[in-house]
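**Q** Can you read through this structure? Questions will come right after.
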Amino acid sequence: MRKVGIGIVGCGNISTAYLKAAQRFPVLDIKAVADMRSDAAERRGAEFGLPAMRVDQLLKRDDVEIVINLTVPLAHTDVSLAVLNAGKHVHSEKPLGVNVTEARKVMELAAQKNLRVGCAPDTFLGGGHQTARKLIDDGAIGAPVGGSVFFGCPGHERWHPAPGFYYLRGGGPMLDMGPYYITDLVQLLGPVASVMGSTARPKAERLVTSQPMNGTLIPVEVATHVAGMLEFESGAVVSIAMSFDVPKHRHVPIEIYGDKGSLLVPDPNRFGGEVQVAKTGGEWEAMPLTHGHVEGEFRSIGVADMATALLTGRAHRASGALAFHVLEVMEAFQTSADEGRRVKIESSVDRPAMMPAGRDTGQID
């Protein structure tokens, strides 16, 4: 199988993880990196031995077939549209857009040009989450009835070198961390039918304690505590909370409850982790992992899957359609909170195909 040429736009914090992980997948051939800040592109290029260039230069390269869009959320739509207009497939960092209206522009343009859209997160392709998926599909907990999902921390201003964008439009805990959790729920349980939500913004400003911005106050434009309920097309009902206002907690990331047992799903921001099942009346038992990609960082597996799908003609798993559905679900929490009503989700999506079992070679089927 031939390699697929890849370009990266956006050389910030997350680009290092993508570039390191890409080396695990033989189908990916990273050609160049670009950033609106030439110094950022030059640093990242020098670090990985890659050409650094302007964004417009990268988009003109004939040897780049897929562009990975790693810009900040407010730039995701504009950059993805530019990539598509250049005749290239795009894989975006999450979210697909800061709102459904913006993301729809990307999906419509891709359809017009017969190009593919992929989007993070791709952590659900890791062995921990694929094992959980197989257990559900094999009936280990019976028919899924409900579940609970929780993410809470005191805020990213404790560690990120430039955390301001997390609190502007397109940020907040739901759009930042929600994609990991809701994408995993959709691949486990299927599409979401409706949402009910409540939100809070207890602080108008946040104090940065990380370097180099230690002591700086940053404005907060979005809700920083979001909670509510997800009703799935299958009938399962899952409670959810995403927060940047939690000093400490003891919740597990995801629990799924079936009519014959319960399932503990590992952290959806990671690829591996322990999967546990408790049958009705029984105790928790660790399940053997049936799928690979569990030890280490694989943030490029979605791009590798997309590249392989491009060569073989099949659908790719971390798709724009999946990301669009998840974005509509996330946006619905604020709509529900503002309008005091249940919000029906208009989009739907098929669950992505399960990954092949027992593989960790870098080859994607």
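The values are calculated or read from the model by the stated rules, or taken from the named source; none is laboratory data. Computed from a predicted model, the values in this text were never measured in an experiment. Positions of Cβ are backbone-derived with ideal geometry, glycine not excepted, and every protein chain shown enters the neighbour counts. Accessible surface is based on the protein model in full, side chains and every heavy atom, while ligands, DNA and RNA are left aside. Shrake-Rupley method; radii C 1.70, N 1.55, O 1.52, S 1.80 Å.
**Q** Show me, bin by bin at 10 Å from 0, the whole-percent P(r) of the chain based on Cα pairs.
**A** In order of increasing distance, the bins hold 5, 24, 34, 26, 9, 1, 0 percent.
**Q** I would also like to ask the following. P(r) for the stretch 190-263: what percent of alpha-carbon pairs falls in each 5 Å bin, starting at zero?
**A** P(r) over the stretch 190-263, rounded to whole percents: 3, 12, 16, 18, 16, 12, 9, 7, 5, 2, 0.
**Q** Now, a different point. Considering only DSSP beta bridges whose two residues both sit in the chain, what percent are antiparallel, to the nearest 5?
**A** Numbers: 36 of 62 bridges.
Bridges in the chain are about 60 percent antiparallel.
**Q** Give me the distance in nm between label points sitting 7 Å out from Cα along the Cα-to-Cβ direction at N114 and T312, one decimal.
**A** If labels sit at N114 and T312, their model points lie 2.2 nm apart.
**Q** Can you give the FRET efficiency to the nearest 0.05 for D78 and E221, using r as the Cβ-Cβ distance and R₀ = 22 Å?
**A** Efficiency for this residue pair is about 0.70.
**Q** Still on this structure, I have one more. Taking a cut-off of 17 Å between Cα atoms, list the aspartates and glutamates near K344, but don't count ones fewer than 8 places away on the same chain.
**A** E231, E233, E328, E331
**Q** Using a 1.4 angstrom probe and counting only protein chains, how large is the accessible area of R116 in Å², to 10?
**A** R116 has an accessible surface of roughly 50 Å² with all protein chains in place.
**Q** Within the set of other residues whose C-beta is less than 13 Å from the C-beta of L109, count the net charge using Lys and Arg as +1 and Asp and Glu as -1.
**A** Around L109, the surrounding residues sum to +2.
**Q** With runs of 4+ DSSP H residues as the only contributors, calculate the mean residue ellipticity of the chain at 222 nm using -39,500 (n - 2.57) per run, divided by the residue total and rounded to the nearest 500.
**A** Calculated from helices alone, the mean residue ellipticity at 222 nm is -9500 deg cm²/dmol.
**Q** In addition: Suppose the chain between A46 and I14 were pulled fully straight at 0.36 nm per residue; how much longer would it get relative to their current alpha carbon spacing?
**A** Contour length minus Cα-Cα distance gives 9.9 nm.
**Q** Just to be sure I understand the model, the point goes 7 Å from the Cα along the line to the Cβ. What's the resulting S198 to D29 distance in nm?
**A** Modelled inter-label distance: 5.6 nm.
**Q** At a probe radius of 1.4 Å, what is the per-residue accessible area of R201, in Å² to the nearest 10?
**A** 120
**Q** In terms of Cα to Cα distance under 18 Å, which lysines are near enough to K94, apart from those fewer than 8 places away along the same chain?
**A** Within reach: K105.
**Q** Restrict the search to the stretch 259-365; then list the GluC sites (Glu not before Pro) that DSSP places in a loop and that have at most 10 other Cβ atoms within 10 Å of their Cβ.
**A** The qualifying sites are E283, E346.
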